[in-house]
Amino acid sequence: MPDPSTLYPPLTPYASGMLETPSVHHVYWETSGNPAGIPVLFVHGGPGSGTSPNQRRFFDPARYRIVLFDQRGCGRSTPHGELTDNTTPHLIADMEALRVELGIDSWLVFGGSWGSTLTLAYAEAHPERCRGLVLRGIFLCRKSEIDWFLNGIRTFFPEAQRKFAEFIPEAERHDLLGAYYRRLLDPDPAVHQPAAHEWATFEASCSTLLPSPELVAAFGRDKTALSLARIEAHYFANDIFLPGNSLLANVDRVRAIPAVIVQGRYDAVCPIVSADELARAWPEARYAIVADAGHSAFEPGICRELVAACDRFARTGAFD
Ligand code: STX
């Protein structure tokens, strides 16, 4: 999946731990690279996909203190798939608690897809803690974007969307989100696991410009599929627990922060129109359109832009 010519070499964390929350959740975090480097927080997508080791490799390990964390209920965070106290404000609070626990005053925050959503929400709540923002595959998580993801995407991926829809009996098919959410909440693995597999492989199938059987296989595995599908359905069914359009409406709060928006022209999961709207509302942000890429962070052109942006920020503290 990753393009080895643009990413930094694989690296192992020098520290890791579990952030204790006031709730049932324990949140996994890890740090790699240079302990005295510029702190950067990697915010993963989904919600519910968890982090993976290749996500450490966007950042020069000599210049960055690289922080990855698994959002509530996914990856190495526990309990797996748990939806209690799992909302956008809870995740923002975890990011702040983690920042304090690691002794970080402010950091570069880097998020793609749902990670761009959460990064924007975090930055609008705590702008003074962000020294820069890297936003990729912009997802503002509005109703229109969620409807596109579940239905409209058949414009480009009709086979995958048909398979996703036909998993649900015809009588329930008018409300795919509700139908999947009910199954994903069912305590019986014989009910929730096939639904999770269908949801996660559908999403992965639509996430790259060229087919990636590796990505589909990785997200189809039981544990990842369940957290991704269940947590996404939970956030989407609840309008991500934020007032509608608040991310664009509050963009003035973050316009003074150095930022770059990286967007694949042929992103079918998070179509470029959202990045275009964000860039127009935020003229100070650098806007890099990758002409030959889809959604995934590991598309070659996207990788190149992301690594170049973080290299530039390490040298100059800005993206231009
Ligand atoms: N989910 C958007 C998102 O964050 C609607 C996302 N899209 N694809 C992915 O994440 C994976 C590549 C992680 C499956």
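The values are calculated or read from the model by the stated rules, or taken from the named source; none is laboratory data. All values reported here derive from a predicted model rather than from experimental measurement. Virtual Cβ from ideal backbone geometry, glycine too; neighbours counted across all protein chains shown. All accessible areas refer to the heavy atoms of the entire protein, side chains included, with ligands and DNA or RNA removed. Shrake-Rupley method; radii C 1.70, N 1.55, O 1.52, S 1.80 Å.
Rounded, prolate or oblate: which one fits region 272-320, using the alpha carbon gyration tensor with axes a ≥ b ≥ c (rounded when a/c is under 1.5, else prolate when a/b beats b/c, else oblate)? Each step should come with its number before you reach the end.
Details: a/c = 2.88, a/b = 1.07, b/c = 2.70.
It comes out oblate by the Cα gyration axes.
In debye, nearest 20, what is the charge dipole magnitude of the chain about its Cα centre with +1 on Lys and Arg Cβ and -1 on Asp and Glu Cβ, if you could check?
On the way: 29 positive and 38 negative charges, 127 e Å.
In total the dipole reaches around 600 debye.
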### Summary
Percent relative contact order for region 144-240, counting Cα pairs under 8 Å at least six residues apart, stands at 26 percent
### Summary
Projecting the Cα atoms of Phe110, Thr155, Leu11 onto the charge dipole of the chain, where Lys and Arg contribute +1 and Asp and Glu -1 at Cβ, the residue farthest towards the positive end is Leu11
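Please give the per residue accessible area of region 144-240, computed with a probe of 1.4 Å over protein heavy atoms only, in Å². Can you show the working numbers first?
Working: 4560 Å² over 97 residues.
Heavy-atom accessible area per residue stands at 47 Å².
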### Message
Within the chain, which whole H helices from DSSP have a Cα span along their axis of at least 18 Å and a mean Kyte-Doolittle hydropathy of -1.0 or more, if any?
### Response
88-101, 189-205, 222-237, 300-316
### Task
Any chance you could list P(r) for region 1-61, counting all Cα-Cα pairs in 10 angstrom bins from zero, rounded to whole %?
18, 48, 28, 6, 0
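Over 28 Å apart: what share of the alpha carbon pairs of the chain falls there, rounded to a whole percent? Can you show the working numbers first?
Working: 17598 of 51040 pairs.
It works out to 34 percent of all Cα pairs.
On the protein heavy atoms, probe 1.4 angstrom, tell me the percent of accessible surface of region 144-240 carried by carbon and sulfur.
On the way: 2650 of 4560 Å².
Roughly 58 percent, rounded to a whole number.
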### Helix-only mean residue ellipticity at 222 nm for the chain, each DSSP H run of n ≥ 4 adding -39500 (n - 2.57), per residue, nearest 500
-12000 deg cm²/dmol
### Task
Between the alpha-carbon centers of region 213-272 and region 52-92, tell me the distance in whole angstrom.
14 Å
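Relative contact order for the chain: what percent, with Cα pairs under 8 Å and sequence separation of 6 or more? Could the numbers behind the result be given before it?
Details: 649 pairs, mean separation 63.8, N = 320.
In percent, rounded to a whole number, it is 20.
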### Query
When the Kirkwood hydrodynamic radius is evaluated over all pairs of different C-alpha atoms of region 144-240, what value in angstrom, to one decimal, is obtained?
13.4 Å
#### Entry: Calculated P(r) tail over 17 Å for region 37-132, as whole % of Cα pairs
47 percent
## Note on the structure
Computed curve, region 77-201, Cα-only Debye sum without solvent term, log₁₀ I(q)/I(0) at 0.09, 0.17, 0.19 Å⁻¹, is -0.36, -1.02, -1.13
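Treat every Asp and Glu Cβ in region 144-240 as -1 and every Lys and Arg Cβ as +1, leave all other atoms uncharged, and give the resulting dipole magnitude about the Cα centre to the nearest 20 debye.
Working: 9 positive and 15 negative charges, 35 e Å.
Computed about the Cα centre, the dipole is about 160 debye.
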### Query
Share of Cα-Cα pairs in region 246-305 beyond 17 Å, in percent?
39 percent
